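Undergrad: Structure incoming, see below.
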6 protein chains.
Amino acid sequence: MRSSGRTPDQMRPVRFTRHYTCHAEGSVLVEFGNTKVLCTATVEDRVPPFLKGKGQGWVTAEYGMLPRSTNTRVQREAAKGKQSGRTMEIQRLIGRALRAVVDLEALGEKQITLDCDVIQADGGTRTASISGAYVALQDAMTSLIKQGKLKKNPIYGQVASVSVGIYQGAPVLDLDYVEDSSAETDMNIIMNDAGQFIELQGTAEGHAFRREELDAMLLLANKGIIEIMEAQNRALAE
Amino acid sequence: MRSSGRTPDQMRPVRFTRHYTCHAEGSVLVEFGNTKVLCTATVEDRVPPFLKGKGQGWVTAEYGMLPRSTNTRVQREAAKGKQSGRTMEIQRLIGRALRAVVDLEALGEKQITLDCDVIQADGGTRTASISGAYVALQDAMTSLIKQGKLKKNPIYGQVASVSVGIYQGAPVLDLDYVEDSSAETDMNIIMNDAGQFIELQGTAEGHAFRREELDAMLLLANKGIIEIMEAQNRALAE
Amino acid sequence: MRSSGRTPDQMRPVRFTRHYTCHAEGSVLVEFGNTKVLCTATVEDRVPPFLKGKGQGWVTAEYGMLPRSTNTRVQREAAKGKQSGRTMEIQRLIGRALRAVVDLEALGEKQITLDCDVIQADGGTRTASISGAYVALQDAMTSLIKQGKLKKNPIYGQVASVSVGIYQGAPVLDLDYVEDSSAETDMNIIMNDAGQFIELQGTAEGHAFRREELDAMLLLANKGIIEIMEAQNRALAE
Amino acid sequence: MRSSGRTPDQMRPVRFTRHYTCHAEGSVLVEFGNTKVLCTATVEDRVPPFLKGKGQGWVTAEYGMLPRSTNTRVQREAAKGKQSGRTMEIQRLIGRALRAVVDLEALGEKQITLDCDVIQADGGTRTASISGAYVALQDAMTSLIKQGKLKKNPIYGQVASVSVGIYQGAPVLDLDYVEDSSAETDMNIIMNDAGQFIELQGTAEGHAFRREELDAMLLLANKGIIEIMEAQNRALAE
Amino acid sequence: MRSSGRTPDQMRPVRFTRHYTCHAEGSVLVEFGNTKVLCTATVEDRVPPFLKGKGQGWVTAEYGMLPRSTNTRVQREAAKGKQSGRTMEIQRLIGRALRAVVDLEALGEKQITLDCDVIQADGGTRTASISGAYVALQDAMTSLIKQGKLKKNPIYGQVASVSVGIYQGAPVLDLDYVEDSSAETDMNIIMNDAGQFIELQGTAEGHAFRREELDAMLLLANKGIIEIMEAQNRALAE
Amino acid sequence: MRSSGRTPDQMRPVRFTRHYTCHAEGSVLVEFGNTKVLCTATVEDRVPPFLKGKGQGWVTAEYGMLPRSTNTRVQREAAKGKQSGRTMEIQRLIGRALRAVVDLEALGEKQITLDCDVIQADGGTRTASISGAYVALQDAMTSLIKQGKLKKNPIYGQVASVSVGIYQGAPVLDLDYVEDSSAETDMNIIMNDAGQFIELQGTAEGHAFRREELDAMLLLANKGIIEIMEAQNRALAE
């Protein structure tokens, strides 16, 4: 039924390539099938103005798509002179997701910026970004510990994200672009390693969804999150 | 337990005042307790560029807060020269919610803009906006029918929205500002009159939420949505 | 002769509703007939950079129109990304008018921002804004005195504003939108309670105006200003 | 009493140099003493969108100051990315003043843009701009007639502008920068050659002004306008 | 002498990886040592406004750096809301270089946009961009020919670019970041396969350079260009 | 052959008028034939943020064209809200050129801004700007010495700039607008008084240029630079 030949509860191949570029404290290329996002973590010895002198750090995110990461070219946001509402929504989401597993006081007065830049898009760029940013953030923390700037890792939980949806009447896991464009309902789910929800955003595109459809999607998401977390852990163990 | 003295499943008083201003095709002041939003619906004989010549209409929304609608003054977005990420997120959400109950082909090549301007804020401005915009949209459709520009109303469902959350460990309905600022989890739910979900956005602020907490919040939301819809219908019947 | 049935020297009903919203130090809905402007006064413990350390305060204003306050929707300035020349002109005018009756040294290092947001427009929004902002400013000063942050009120004069014009060849007072759009000459006058001019801006729209027409308009303005000041005082006495 | 040694009713030397630059249809350097403004008139075969197909033309103005035209450098507006409120006010004023003497229907579907760029500032740049723009506009009309694009000159009146004020308690004509900065009242007056008012903007800087002060200033302005118009006519006769 | 151990006339390893991403008509990862730039070519059936109806096409370029492509994070231009002067200079340069080898009339009314996005920076990003964009452009032309949209390839020459400089008193080829930052003179040279100059930009950073230093640099550039062109041709032959 | 009747190696008349305006520390009108640029030098007791506390000064430049300095009006950059890529390129070039002859440490913590505003354009505005800015900068330094703010002049070299090109197959010096628009190759050269290159930018517009063409152009440039420097010195000697 799925054009990719996947079963409804089957993820695309998920891969995390660490140290993808050489300058950042964390640099991970995350792939969910053909979706490829470069996630870098940058550590800076400063905090945003609203946190000055409060003895805590900050984790934030920025998101962008290369103009031709998509099937038809999208205008460069730097050239347009502003970020779209979609971009802002996504980067705010990534930032919240990662902050949900970091002890900002333990981090101390530092800012970590997670840049998620989409090299190639095929659906699920925001869920891939969150999942990849987690790995980059871990690498950045490790580098801070190695340099003696942190005693212990302030990350207290694991975070991953996946999309689920109702496609041609049936619940499916990890939608690719073709499915995403014609799904009746699209839902992005962010969970931690205790199986709890960090964020959950469901949107009925075609028609509204019923409670039992929601339940079915949550079940699929749970399965996907577990598989992504295993892939994250494998990558971090290398 | 709630500072307002409300029970956990109690809404604030909900009121819709139609014809609040005189120029718009629909003009509704919606109040959820101390939260007051002016929702106007403007009909224009044009469609956005991406819909030119496709024989269908469009429903969109814009959102703004008066600078001193809040406890401390927020900078005027017109003066800053750009809308914040939060503003864009909210206005995109309102637009999607209303489009979910309108037959855009039946509307024909017209655009209806729902302007939701917060006069006074006390939590839940986006859910009040959606609920009020529905009433303004109904009035705009009625005016189009009266002028002979539409034969029948292209709205095929009712839409309302409410927030729920986990506050001091317990699920509560319709959070005010004080509750919202310290809630552990905050969730905005948009439903139609068939009891189905149009959109659902839950965010763990303090700690992640469990599946049984989600279930409890969905139950509360359902109750709130029914009450808001009754108030919408009473207002429209006047 | 006037479509409203008013005599040439007749004001529209003028009304000031104090405490219109709950958060601001001063919050006044001013109505000149169908023109309705919400004027709020916000006190902040800071001054603009050019006044740092000079031991004096500042009074400034911002102006905006809700998109559908007018007969046809005007684009939201926050969405356009800039304020129009008209908006800037008006908010600079309101600021100057109010500063003309405040002892800024007696105010001390505080800034008071007068936000004038047009809820419904029917001509004369700038004159209504100035007249309403005066009442909001008085309430803000009273609140500062109550909190012990000021010993005495630094306002040393009363200020009000009204429009006059030449409409169908005759001088008229307080033009509504219909009159304003087709007036040959339009003049905004700001005066204090000593009958002196604070600002006076006259523009020939159709043809230039003669000295005797100017004199007739000034006479009408004087009458209007006195009535507005009485209404301001009645509202403040409540 | 005046630092320049002028009597209260004495203008600075006024000079109009036509054909100051070679590309524009009209190009005039206007000098009011040390204030020097380059006014160019550009004719284009297009009208702004709101006039498309209405069979009439448009006259508009833009104003700018070279960064070091003033005593201390002002930031370049092109670098800041926006025009100040003051700039917009002034260019709107210049445009209105010139349109007040042009028959836009007789002009036909053309736009004339008057660019007023301040080369050196010493007070009164807006009044010099208006007075110089009139001469540039005349030259542009003459060039259109010579090219056979117009049968007769659509300018039906002469326009000039001058400032007056109350300085050290006394009414004075044509304020220079030193006087302007410390004047109690500052008034810009635009008149036509029938002695009628096109625009009149008076602002109390220090304290409000009385009716008799207004009368005295109007008298001085009248004298100045006559002298400027003579200088305009002499320049145009050359 | 060079920290990399290279001889003065030695290029870094140059590599072109075609089909690096899947959506673009041409997609090439170019590497000059550690400098990695993704160059994509997008074909669109439109031309910029100034070419409408002139029967010719256009080739243009845009350039960007991922925020953490560099040693310390640079602010995202999309977030700042404008492209820097450096970015604009570089993308204008890339566009000119590629247009210099394309017959725009033979291309017909199409626009090809070359997006050069720096994934990792180590000096020479603009010269790598130009060299890589040439390969991407060739692939785009081939795809147009395959689709029958072009009869023959409108590219009539080969283009490549390299930097040369005076580093520690000696002329060197293909500067990396360390050399670039402390070079006394830095020169970017763009040549075609006839050994002629398309563009040449030399800047004295430390002290001015003499004619014989210029001659030595031109000689080195010539050698580098030949090697890059061989690598381009090898890649295109695969 | 040249429409101006000049021989290939003949400069247009070059003139520097010092003290052109009265406020700036240096103010020079430079003319290369019909190209007229006003160059002012402004001294400020501050440095840009990246130089704070480093004990050195800064020299920077800004460039602008009056809207009707050209044959057809160009839109005002202040009105468009941003500077074009061309403007940024030119002002960065002017700044680099002048910094190349100033000992920034000897200047001390001061910033000198060179504003180059084109009053009338006929080709070569950037080379005229650089040549004129040098004279304005000298005047600013002299004024600092007179005021006792500098002991000795921190300018250690002379700088001038000229354009050369290949026009109708032959190398020519100092292109005017007509030549510039149809030149096959256009090159801007900046040199110091030791005959060394500070910057050199050559662009093939029509077809690529050969090494012997480059040599011929450099020879012409050398001749032009010497003549401009003589004119600079004559002006400074007055």
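Undergrad: What are the distances, in nm and sorted shortest first, from the label point of A:Lys223 to the label points of the same position in each other copy, with each label point placed 7 Å from Cα along the Cα-to-Cβ direction?
TA: Its label point is 3.5, 6.3, 8.3, 8.3, 9.5 nm from the equivalent points in the other copies.
Undergrad: For peptide F:57-70, compute the average count of partner chain beta-carbon atoms within 10 Å of each residue's beta-carbon.
TA: Taking the mean over all residues of the peptide, I get 4.
Undergrad: Order the following by accessible area, largest value first: E:Lys82, A:Lys151, E:Lys36. Probe radius 1.4 Å; ligands, DNA and RNA are ignored.
TA: Numbers: E:Lys82 110, A:Lys151 200, E:Lys36 55 Å².
I get A:Lys151, E:Lys82, E:Lys36, largest accessible area first.
Undergrad: Computed over the Cα atoms of the protein assembly as shown, what is the ratio Rg over Rh, Rh following Kirkwood? Show your work: numbers first, answer last.
TA: Values: Rg = 34.4 Å, Rh = 35.4 Å.
So for the protein assembly as shown, dividing Rg by the Kirkwood Rh gives 0.97.
Undergrad: Decide, for the stretch E:9-82, between rounded, prolate and oblate: order the square roots of the alpha carbon gyration tensor eigenvalues as a ≥ b ≥ c, take rounded if a/c falls under 1.5, and otherwise choose prolate if a/b is larger than b/c, else oblate.
TA: Because a/c hits 1.5 or more and a/b fails to exceed b/c, the stretch E:9-82 counts as oblate.
Undergrad: While we're here: Relative to the isolated chain, which residues of the stretch C:14-46 have their accessible area cut by 30 Å² or more in the presence of all protein chains (1.4 Å probe, heavy atoms, no ligands or nucleic acids)?
TA: Residues of the stretch C:14-46 that lose at least 30 Å² of accessible area once the other chains are added: C:Tyr20, C:Thr21, C:Cys22, C:His23, C:Thr42.
Undergrad: What residues does the stretch A:98-142 have that are buried by at least 30 Å² of accessible area in the full protein assembly compared to the chain on its own, 1.4 angstrom probe?
TA: Buried by 30 Å² or more upon assembly, which counts only protein chains, are A:Asp115, A:Asp117, A:Ile119, A:Gln120.
Undergrad: Could you work out which residue, out of D:Gly95, D:Gly169, D:Gly57, moves most in a Gaussian network model of chain D, that is, has the largest mean-square fluctuation with Cα springs under 10 Å?
TA: In this elastic network of chain D, the residue with the biggest mean-square fluctuation among D:Gly95, D:Gly169, D:Gly57 is D:Gly169.
Undergrad: With θ set to phi - 60° and the Karplus curve 6.51 cos²θ - 1.76 cosθ + 1.60, what are the ³J(HN,Hα) couplings of the stretch E:48-57 in order, to the nearest whole Hz, using x for Gly and Pro?
TA: x, x, 6, 10, 3, x, 9, x, 9, x
Undergrad: Largest first and to the nearest Å, give the Cα extent of the stretch F:14-237 along each principal axis.
TA: 53, 42, 33 Å, listed from the longest principal axis down.
Undergrad: I'd like the interface area for chains B and D: accessible area of each alone minus the complex, both sides summed, 1.4 Å probe, protein heavy atoms only. What is it in Å² to the nearest 100?
TA: 0 Å²
Undergrad: Can you give the calculated 222 nm mean residue ellipticity of chain E, where each DSSP H run of n ≥ 4 adds -39,500 (n - 2.57) and the sum is split over every residue, rounded to the nearest 500 deg cm²/dmol?
TA: So the helix-based figure for chain E works out to -10500 deg cm²/dmol.
Undergrad: Calculate the mean, over all residues of peptide E:71-77, of how many other protein chain Cβ atoms lie within 10 angstrom of the residue's Cβ.
TA: That works out to 5 on average.
Undergrad: Between the stretch F:50-104 and the stretch B:161-238, what's the alpha-carbon centroid distance in Å?
TA: Cα centroid of the stretch F:50-104 versus Cα centroid of the stretch B:161-238: 55 Å apart.
Undergrad: Still on this structure, please answer the following. Carbon and sulfur: what percent of chain D's accessible surface (1.4 Å probe)?
TA: Details: 4380 of 8930 Å².
With neighbouring chains kept in place, the figure for chain D is 49 percent.
Undergrad: When you look at the Cβ of every residue in A:82-92, what mean number of other chain Cβ atoms sits within 10 Å?
TA: Mean inter-chain Cβ contacts per residue within 10 Å come to 5.
Undergrad: Can you give the net charge of the other residues whose Cβ lies under 15 Å from the Cβ of A:Lys223, counting K and R as +1 and D and E as -1?
TA: Net of charged neighbours comes to -3.
Undergrad: To continue, here is another question. By Cβ position, which chain E residue lies least far from the axis that rotates chain E onto chain C, and what is the distance to the nearest whole angstrom?
TA: Result for the E and C rotation: E:Gly81, 5.
Undergrad: Net charge around F:Glu205, counting only other residues with Cβ within less than 14 Å of its Cβ (Lys, Arg = +1; Asp, Glu = -1)? It would help to have the intermediate numbers written out before the result.
TA: On the way: positive: E:Arg92, E:Arg96, E:Arg99; negative: E:Glu199, F:Glu179, F:Asp180, F:Glu184, F:Asp186, F:Glu213.
Charge balance in the 14 Å sphere: -3.
Undergrad: Counting only C-alpha contacts under 8 Å and six or more residues apart, can you give the relative contact order of chain E as a whole percent?
TA: Rounded, it is 22 percent for chain E.
Undergrad: Which pairs break 18 Å Cα to Cα here: B:Lys80/F:Lys82; C:Lys54/C:Lys146; F:Lys110/F:Lys151?
TA: As for pairs spanning more than 18 Å Cα to Cα, those are C:Lys54/C:Lys146.
Undergrad: When you count, for each residue, the other Cβ atoms within 10 Å and take the mean per peptide, how do E:198-209, E:68-79 rank with the highest first?
TA: E:198-209, E:68-79
Undergrad: For chain B, what is the accessible area per residue in Å², given a 1.4 Å probe and the full set of protein chains?
TA: So chain B comes to 37 Å² accessible per residue, rounded to a whole number.
Undergrad: Can you list the residues, at least 5 places off or on another chain, whose amide H is less than 5 Å from the amide H of F:Gly108, using H built in the peptide plane?
TA: F:Gly57
The values are calculated or read from the model by the stated rules, or taken from the named source; none is laboratory data. These numbers were taken from a predicted model, which means no experiment stands behind them. For neighbour counting, all protein chains shown are included, and Cβ atoms are generated from backbone atoms with ideal geometry for every residue, glycine included. Just so you know, the surface numbers come from the protein's heavy atoms only, side chains and all, with ligands and any DNA or RNA stripped out. Shrake-Rupley method; radii C 1.70, N 1.55, O 1.52, S 1.80 Å.
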